[in-house]
Amino acid sequence: MLNILALIVFFVLLFALIYLFGEYIAWIYKDQTKSKSNLPGKLKFIKKLDRPFKFLEAKIFLVLNIDSDQEMNWKQYLFSLLIFNGVLFIFLFLVFRFQNILPLNPLNLEGMSWHQAFHTASTFVSNTNQQHYAGETLSYFSQLFAVGLAMFLSAGTGLALAPAFTRGIQNQENSKLGNFYVNLIKGLIRFLLPVSFVIGVILISQGSPQWFGGEIVVNTIEGVKQAIRVGPVAGIEAIKTLGTNGGGFFAANAAHPFENPTIFSNMLLNLIMLASPMAIIYAFGIWMGKRRHGVILIGALFVIFLGLFWVTAAGEMQPNRAVTMAEENLHINQSLGNMEGKETRFGSLLSSLWAISTTSTTNGAVNSMHNSYNPQGSVGPFLAMAMNCLYNGLGVGLLNLMTYIFICVFIAGLMIGRAPQYLGKRIEWREVKIAALIILLLPVLVLFPTSIAVITEAGKEAIHNPGFTGFSEVLYEMFSAGANNGSGMEGLIDNTMFYNLLNGGAILMGRYLPIFGQLLIAGYLSNKKIRPETEGTLKVENLSFLILFVGVMIIIGGLIFMPALAVGPIAEMLNGGM
Amino acid sequence: MFDIDWEQQWTAIKQSFIKLDPGYLIKNPVLFVVELCTILTIILTIYPPLFNGQEPTWYYLTITLILVFTLLFANYAESLAELQGEAHADSLKALQVESEGKRLKNKDIELDEITEADYEVVAGEDIEKGDYVFVEKGDIIPRDGEVVEGSASIDESAITGESEPVIRESGGDRNSVTEGTEVLSDVLKIEVTAAVGESFLDRMIGLVETASRQKTPNEISMTLLLASFTFVYLAAVVTMRFFGMYVDMNVDVANLIALLIGLMPTTIGALLASIRIAGMTRVTRENIIAKSGKAVESAGDLDALILDKTGTITTGERIAEEFIAVGSEDNELYKACLQSSYFDETPEGRSVVNLAHDLDVDVDESELKKENFVEFSAKTRMSGIDLPDGTEVRKGSVEAVEEYADEIPDGLTDKAHEIADSGGTPLAVAVDKRILGLIELQDELKIGIKARIQELQEMGVKCIMATGDNERTARYVAEQAGIDEYYSEFKPEEKIELVEKIQETGKLIGMTGDGTNDAPALAKADVGLAMQAGTNAAKEAGNMVDLDSDPTKLIEVVAIGKQLLMTRGSLTTFSIANDISRYFALVPAIFSAGIPALQQINFMNLYSPQSVVIASLIYNSLIIPFLIPLAMKGVDYKAESSSKLLRKNLFLYGGAGLIAPFISIKLIDMLLVMLGVF
């Protein structure tokens, strides 16, 4: 009962936060999206922030020589984004490779191998944060100036795509989508930096460290010395969560007491993790002058979210079969559900909530060991990633959602006897073709690499668990890379050239090919006329459309992976949970 | 109802086999993949060890046969639709009988001077474009052309099915004549405008045939979408072979093929072409020639229609509604009305007689002599009759009669204005220069037009009326018909501006037209329905031609276009929803060899993995012929708002798509067990 109450409070707070973030982000990009909606009366005070922000932005534009009035078409926008990310990628690669000769390395940590540096650079530049290294092996310089910087910039890149895509729909025969650098800097200055700062301060108040002391060496009660790593944990943790990044400072990620010290910090981080990508979708509704549409879109995905949460929570509330069987003579109280690989301060319910939250977004931070989940519990995260992480990443989540929307609009439009049209823009064969190709990408990026991994020696070497479990781990790793999620099921010895290159490649393709496609769609749409709505045009705000959308999401997104899952977690589950 | 054309069926079946040619099937990616799978199962039947096949030969053979039938059913659906479409086109072709023409030796000769010596009778095919031909009563027009001189009434029923003869005359909008039509009276001098095989009819038949074979842009999107779904499922199934190897499970290739066929959108893939062709044929059945499938789909998507008042909303014939006596006795007026119109053959005149008969007006018919009838002339603008006693009975426009009369009775002008305000036209009637009263003529709304317009508006299609009439008449008719936007004193040349203005706002617009001055607007409009009776320029410009020359049919076309799109969307939803059942039936069956626990998902309690595979494939194959009638007829269509339509079709076809395979597969499975197959 208390659990249910806690969940209700959580979701109420979540929606409040989506509202707040959404309205705020919508306000930030009001001009860039040519939006006509204003801040609601209660939030008008936000406008006071405009002047200091503007002042700061003007200075930055001046220093970086950015002409904020110069607008880009889709090609220029994509080109700027790729150049910017390309430079960032090279920088990250060099830092990780040569961190041994760079400053701020009090523990004299080694540089990464070239393929690990490639994988790590790919994963941070793309906002994925799949880690084939333990956080402890990174120097402060790498943590701060590579990981920390990339967490801001990759999140900013994603965020900057949302207003550009919106312009594609908002434009009346005009190819300009806005200025990438302006959108990026506005997102950083007005949203990512200040909000991260606030979160960081709260985390510090909960006990997260934020200093550069290297290690604290303590004598334990057993009389041995233990070296405890500290660092700028609170700050990294804040942007890691807000920017759908997910790469932990420590190998244990958000299960580590320095990253996520208390139940309060756990709730806060879980809220932020969900709220930031969801808020962009709400903001999209605001930009289009249809708040209700944004709510419907969030709601549709939320239905799936709750379903997955139920599957996982119900699975994790069960006792751990292995424990039951192995310790028959011991009396282990498993009334709290499966506690293997979970923190006692979070318990199985909140760990399940986090697990679904982190895979329903491209966050990928974990606060419990997904490998130790009961098979039923692990089906939830698998399916969430199979639907391309539902809410996906900051900003790109909107683009991902739109891909499915276009497919739905196409089918629904036909069903009402109209040529398909979305918010006044006709969806024709070019848009459908690209949307279909984007949807095709995830199965390709997951299923083919998994096949390669399970039939080659290099792939099989890394698998240490037998049978279905081992297969699940490989499949999970590929999902995590292809869907840009970044979480790991672990258990796989993945820091090998094989996995570094395979996953790194999938990560880059999983990030930039859809961005390319969706900007192209935005480019096509921006040059079209807006057809006014009539009685006959498709209404995207009613229940029927919502049902269709959920249906398409499940059938085209999730169930395609059903045969693969049948060999992995579903087989495990039906075989008695071993 | 069950008159089956066996010959057509036989041809369709033959074509189903011919279309198995992979070169042909590659145009349809879904069916092409099915064909590739069939080739694989054939190989498996002959040489099972190739893919490490463990199942008995009869099993592979059965699967092969079912797959072949799936392809044949799909081909049959397309062939049948094509044949039915061609059947109608052929009936048009039958009109082209061997003809002769009277070719003029001298093009400059005046029409009334032509004698037998001035032309030579030649075979129809020898007449060339640019020749001048002469036709007279009883002749068949040898080739499409334009009237250079003369005016004649022509029976075009062979093409339009309309028995009412039409007038064709030089100059103006009614100067085009069509091959195969018959001259009923008078003579014409015609310039031939089409070469052999290029006449309007030839081209129309050609257009219908090529148009229905071409994919519409919207269908291309659908094909792309289905192709990508197919590829996704292909990836999901092919990789299962490797996954199976990893967990030491030999998943039989034939079973994987069954899973792939089950997941792929084969149903909609098989019916896509027949939906299009059948939609086009529905248009042809309405006696409308659509030059492209795109035009038909655009019609379903229109936001607004520009409707002419006369001929579209109203019948164009003014009918006497009431006799209004002004300063005289009713009887006296009624009698005069009947007398004046007794020999008047115009529709207006006939309607006056009819109204008089309805009012039981009596006149002495012996007094009325045909030779005393005074025909309408442009000078007097009146018609009437002179009685034997010399009494002049006259009717005509109010102004004309006022001029003719000695005095104007009180209240006449007011009454006349009143009639005009209600959209009518007043005629005044006078006897011996004394005005007795008025005849109120009303332009009648076409039967059912108001309901149709209301339907359209409910569907979100705005109706705009354009008329050359004055503001008062326009407003009245618009109100009567339930139209809220109208343009009065509208010139045909202004249509193009109106079309452009509406298109600026992003709307798709449809219109009808027949005149040369309509042509630019017809070409510019998203759907331009030209009238067969109109000029060639109009027919060239429009993307559809109505052989019956009934502009109201634009509304029909909208419905057919919507129905075509809806059928495609609904069957796609059905096909996609089918997938759910496959996960519960096929996945456990196929993998249960390696993962026996998966049988727990088999809640339908199907007999054995083999029976599930066969049952699922049989369902997949049989659902195609089962749905052919729906694809051909189109889904039920009622004018409703978009939300209602979506709800209805989503629940009907999505729901059926979810449930049908569960029930069917279970039934087929039971049947197979009952028959002792398993």
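Would you calculate the volume per residue, in Å³, of the smallest convex hull containing every Cα atom of region B:348-409?
Dividing the Cα hull volume of region B:348-409 by its residues yields 119 Å³.
Treat every Asp and Glu Cβ in region A:2-574 as -1 and every Lys and Arg Cβ as +1, leave all other atoms uncharged, and give the resulting dipole magnitude about the Cα centre to the nearest 20 debye.
2520 debye
How about region B:301-344: which GluC sites (Glu not before Pro) there are in a DSSP loop, with at most 12 other Cβ atoms within 10 Å of their Cβ?
Answer in residue order: B:E329.
What ranking, highest mean first, results for peptides B:294-307, B:367-380 when packing means the other Cβ atoms within 10 Å averaged over each residue?
B:294-307, B:367-380
Once you wrap a convex hull around the alpha carbon atoms of region B:509-555, what is its projected area averaged over all directions, in nm²?
Seen from a random direction, the Cα hull of region B:509-555 projects 2.5 nm² on average.
Fewest Cβ neighbours within 10 Å first, please rank B:D144, B:D484, B:D386 accordingly.
B:D484, B:D386, B:D144
Which of the lysines could a cross-linker span from B:K291 if the Cα-Cα distance has to be under 17 Å and same-chain partners fewer than 8 positions apart are dropped?
Within reach: B:K93, B:K215, B:K524, B:K539, B:K553.
Å³ per residue of the Cα convex hull, for region A:395-456?
With only Cα atoms used, region A:395-456 gives 96 Å³ per residue.
Using only the Cα atoms of region B:575-656, construct the convex hull and provide its projected area averaged over every direction, in square nanometres to one decimal.
About 6.7 nm², averaged over all directions.
Can you pull the mean other chain C-beta count within 10 Å for peptide B:452-461?
The mean count of partner-chain Cβ atoms within 10 Å per residue comes to 2.
For chain B, what's the relative contact order in percent, using C-alpha pairs closer than 8 Å and at least 6 residues apart?
About 14 percent, as a whole number.
Taking Rh as the Kirkwood radius, which is the inverse of the mean 1/r over Cα pairs, what is the Rg/Rh value for region A:2-574?
0.96
How large is log10 I(q)/I(0) at q = 0.07, 0.10 Å⁻¹ when the Debye formula is applied to the Cα atoms of the protein assembly as shown, each weighted equally and without solvent?
Log10 I(q)/I(0), no solvent term: -0.82, -1.30.
Step by step: find N for region A:104-176, compute 2.2 N^0.38 Å, then divide the Cα radius of gyration by it. What's the final number?
Relative to the rule-of-thumb radius for its length, region A:104-176 sits at 1.53.
Only counting other Cβ atoms within 10 Å, I'd like A:H256, B:H417, A:H370 sorted with the fewest neighbours first.
In order of increasing Cβ crowding within 10 Å: B:H417, A:H256, A:H370.
Other chains near B:502-515: what is the mean number of their Cβ atoms within 10 Å of each residue's Cβ?
Average neighbour count from other chains, rounded to a whole number: 2.
Beyond 20 Å, what share of the Cα-Cα pairs of region B:316-445 remains, rounded to the nearest whole percent?
When every Cα pair of region B:316-445 is considered, 37 percent fall beyond 20 Å.
Along the principal axes of its C-alpha atoms, what lengths does region B:403-528 span, in descending order and rounded to whole Å?
Rounded to whole Å, the extents work out to 58, 31, 21 Å.
With unit charges on the beta carbons (Lys and Arg positive, Asp and Glu negative) and the dipole taken about the Cα centre of region A:65-194, which residue among A:S154, A:Y133, A:F165 sits farthest to the positive side?
Result: A:F165, furthest along the dipole toward the positive end.
For chain B, would you read off the P(r) tail past 39 Å as a percentage of all alpha carbon pairs?
Of all Cα-Cα pairs in chain B, 51 percent lie more than 39 Å apart.
For B:K14, list the lysines whose Cα falls under 20 Å from its own Cα; do not include residues on the same chain fewer than 8 positions away.
Within the straight-line limit of under 20 Å, B:K14 reaches these lysines: B:K27.
For peptide A:538-546, what's the mean number of Cβ atoms from other chains within 10 Å of each residue's Cβ?
Partner-chain Cβ atoms within 10 Å, mean over residues of A:538-546: 4.
Restricting the calculation to Cα positions, tell me the Rg (one decimal) and the Dmax (whole number) of region B:249-370 in Å.
So, for region B:249-370, Rg and Dmax equal 32.0, 107 Å respectively.
Does anyone have the angle between helix B:57-93 and the longest principal axis of chain B? Alpha-carbon axes, 0 to 90°, nearest 10?
The two axes meet at around 10 degrees.
How far is helix B:495-504 tilted off the main Cα axis of chain B, in degrees rounded to 10, range 0 to 90?
It is inclined by approximately 40 degrees.
Against the longest alpha carbon principal axis of chain B, how many degrees, from 0 to 90 and to the nearest 10, is the axis of helix B:347-358 turned?
With both axes taken from Cα atoms, the answer is about 80 degrees.
So, in Å, what gap is there between the alpha-carbon centers of region B:564-598 and region A:11-41?
40 Å
Could you let me know the centre-to-centre spacing of region A:286-316 and region B:326-365, using Cα atoms, in angstrom?
Cα centroid to Cα centroid, the span is 75 Å.
Cα atoms only: what Rg and Dmax, in Å, come out for region B:457-539?
Expressed in Å, the Cα Rg and Dmax of region B:457-539 come to 13.0, 35.
Please arrange A:L177, A:L39, A:L423, B:L645 by counting, for each residue, the other beta carbons lying within 10 Å of its beta carbon, fewest first.
Ranking A:L177, A:L39, A:L423, B:L645 by Cβ neighbours within 10 Å, fewest first, gives A:L39, A:L423, B:L645, A:L177.
Among bridges DSSP assigns within the protein assembly as shown, what percent are antiparallel (round to 5)?
In the protein assembly as shown, DSSP labels about 75 percent of beta bridges as antiparallel.
If one computes the Cα centroid of region A:174-192 and of region B:175-227, what distance in Å separates the two points?
54 Å
The numbers here are math on the coordinates, done by the rules we state, and not lab data. These numbers come from a predicted model, not from an experiment. Cβ: placed from backbone, ideal geometry, glycine included. Neighbour counts: every protein chain shown.
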